[in-house]
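Comments concern the structure below.
The values are calculated or read from the model by the stated rules, or taken from the named source; none is laboratory data. The structure displayed is predicted, hence computed values, not measured ones. Because the Cβ atoms are built from the backbone with ideal geometry, glycine has one as well, and the counts that use them run over all protein chains shown.
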Amino acid sequence: MDLAFTLKELVGILEDVAVDGEFDGCISGIASLSEAVSGDVSFLGNRKYRSEVKDCRASAIFLPADFAGTPSKGQVYLRTKNPSLALARVTQTIEHKLWPKPSPGVHPKAFVDETAVIEKSVHVGPLCSVGAYTVIEAGVSLGAGVHVGRNVRVGQNSRLMPGVVVHDYCELGQEVILQAGCVIGSDGYGYETTSEGHVRVPQIGKVVIEDFVEVGANSTVDRARFKETRIGEGTKIDNLVQIAHNVKIGRNCLIVAQAGVSGSTVLENNVVLGGQSGVAGHLHIGEGVSVAGQSGVSKSLNAGDMVRGTPAFPYLTFQRIAALQKRLPEFFKRLKTLEQICDPKDKS
């Protein structure tokens, strides 16, 4: 990674940063507080690491606005409201330098149906295929090996990484990011069981992904049995996530790795599903609900609920149960003592 930022350039990327100290060299790396060396930029994103700041060797450190202390010689403290967000803005700039937007045009080894409509600024990489009557809007980038089916719409400035599949009739909004290997619009899981076996139920709906959604690598969003599966604006989906048919996900939800949402469930806005959590089908999950990792949700939840466990309990109840579980051997021993006191003949 080739970085070269002066302090002036670094601060110019950001807003509301107070500079304390002096540094006239170049920033050439990013590292944690404990691993940073001269020339690096670091940050205090979690207050439990405050004690590491005074010994940090980074040339520039993003710190909370209320952080007390003085930088070492040749070091600057960059105080800001949200150090993690400040560093994110810097890394966005670095990302654009490391992976510049591909040049417009269709690679000679790509296939584009003659009825497809592709804006001139679109990049279509090698071994891509674009189906009939599909519309791809300005600024879109299709990485190597992307398949976009028939009658698909891809909104402006969306980025489809290598190996992405978007099946027929699906719709992507503006600035959607689909990471490598994710599949949008595969068949939902639907069968009717008869005496002769399992009869496949055709899934004839579609997937609609709204603006500013990101879907992680190897995640899947299934097409609806009828009508649509919908992912709301600004929602971020991690790697290896399964979203089943006819699910409706609201705006600005966070769905972490290996989570799964079963068919026809509704998630309102700002829901958080922790890693490896699962939500059963045909449920309604209210706005702002938080589900801890590895939890199993089998009942609908009200707005603002925080749950953990399988089946999912209110978070504080689960914490009390977990604390009591640790004492079960002690409780069992005390119960056995009481039984022997009450019945001295019991020698077991």
inquiry  = Restricting to region 76-89, and then to whatever is farther than 11 Å from SER42 by Cα and not hydroxyl-bearing (Ser, Thr, Tyr), can you tell me which residue is farthest from the chain's Cα centre (by Cα)?
reply    = ARG79
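So in region 14-51, with the set limited to residues that are of a type in the set (A, V, I, L, M, F, W, C) and over 21 Å from ASP66 (Cα atoms), which one is farthest from the chain's Cα centre (by Cα)?
To start, the set of residues in region 14-51 that are of a type in the set (A, V, I, L, M, F, W, C) comprises 14, 17-19, 23, 26-27, 30-31, 33, 36-37, 41, 43-44.
Now narrow it down to the ones that are over 21 Å from ASP66 (Cα atoms): 23, 26-27, 30-31, 36-37.
Details: PHE23: 36, CYS26: 32, ILE27: 29, ILE30: 22, ALA31: 22, ALA36: 27, VAL37: 30 Å.
By that ranking, first place goes to PHE23.
Please work out if GLN203 is touching a residue at least 40 places away in the same chain (Cβ under 8 Å), outside any strand (DSSP E or B) and either in contact with a Leu (Cβ under 7 Å, 6 or more places away or on another chain) or more than 21 Å from GLN258 (Cα to Cα) (or both). Talk me through it step by step, then tell me what you get.
Values: touching a residue at least 40 places away in the same chain (Cβ under 8 Å): yes; outside any strand (DSSP E or B): yes; either in contact with a Leu (Cβ under 7 Å, 6 or more places away or on another chain) or more than 21 Å from GLN258 (Cα to Cα) (or both): yes.
Against the criterion (touching a residue at least 40 places away in the same chain (Cβ under 8 Å), outside any strand (DSSP E or B) and either in contact with a Leu (Cβ under 7 Å, 6 or more places away or on another chain) or more than 21 Å from GLN258 (Cα to Cα) (or both)), GLN203 qualifies.
Confirm whether THR91 is of a type in the set (Val, Ile, Thr), within 30 Å of GLU137 (Cα to Cα) and not assigned by TED's automatic domain parsing to the domain that holds ARG159. Break it down into steps so the answer makes sense when it comes.
Numbers: of a type in the set (Val, Ile, Thr): yes; within 30 Å of GLU137 (Cα to Cα): yes; not assigned by TED's automatic domain parsing to the domain that holds ARG159: yes.
So THR91 fits the description; yes.
In the set GLY74, GLY125, GLY143, GLY105, which member is in contact with a strand residue (DSSP E or B) (Cβ under 9 Å, 6 or more places away or on another chain), surrounded by fewer than 16 Cβ atoms within 10 Å (Cβ to Cβ) and over 30 Å from GLY39 (Cβ atoms)?
Details: GLY74 fails: over 30 Å from GLY39 (Cβ atoms); GLY125 fails: surrounded by fewer than 16 Cβ atoms within 10 Å (Cβ to Cβ); GLY143 fails: surrounded by fewer than 16 Cβ atoms within 10 Å (Cβ to Cβ).
Being in contact with a strand residue (DSSP E or B) (Cβ under 9 Å, 6 or more places away or on another chain), surrounded by fewer than 16 Cβ atoms within 10 Å (Cβ to Cβ) and over 30 Å from GLY39 (Cβ atoms) holds for just one of GLY74, GLY125, GLY143, GLY105, which is GLY105.
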query = Taking region 162-183, which residues are over 16 Å from the mean Cα position of the chain (by Cα) and part of a strand (DSSP E or B)?
reply = VAL165, VAL166, GLU171, LEU172
ask   = Considering only residues of region 111-121 that are touching a Gly at 6+ places or on another chain (Cβ under 8 Å) and closer than 19 Å to ASP168 by Cβ, which is surrounded by the most Cβ atoms within 10 Å (Cβ to Cβ)?
value = ALA116
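For region 77-102, what are the residues that are of a type in the set (A, V, I, L, M), in contact (Cβ under 8 Å) with a residue 60 or more places away in the chain and surrounded by 12 or more Cβ atoms within 10 Å (Cβ to Cβ)?
Just the residues of region 77-102 that are of a type in the set (A, V, I, L, M), to begin with: 78, 85-88, 90, 94, 98.
Within this subset, residues satisfying the condition of being in contact (Cβ under 8 Å) with a residue 60 or more places away in the chain are 78, 86, 90, 94, 98.
Listed by number, the residues that qualify are LEU78, ALA86, VAL90, ILE94.
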request  = Scan region 85-134 residue by residue and report those that are within 30 Å of SER28 (Cα to Cα) and in a loop (DSSP other than H, G, I, E, B).
outcome  = TRP99, PRO100, LYS101, PRO102, SER103
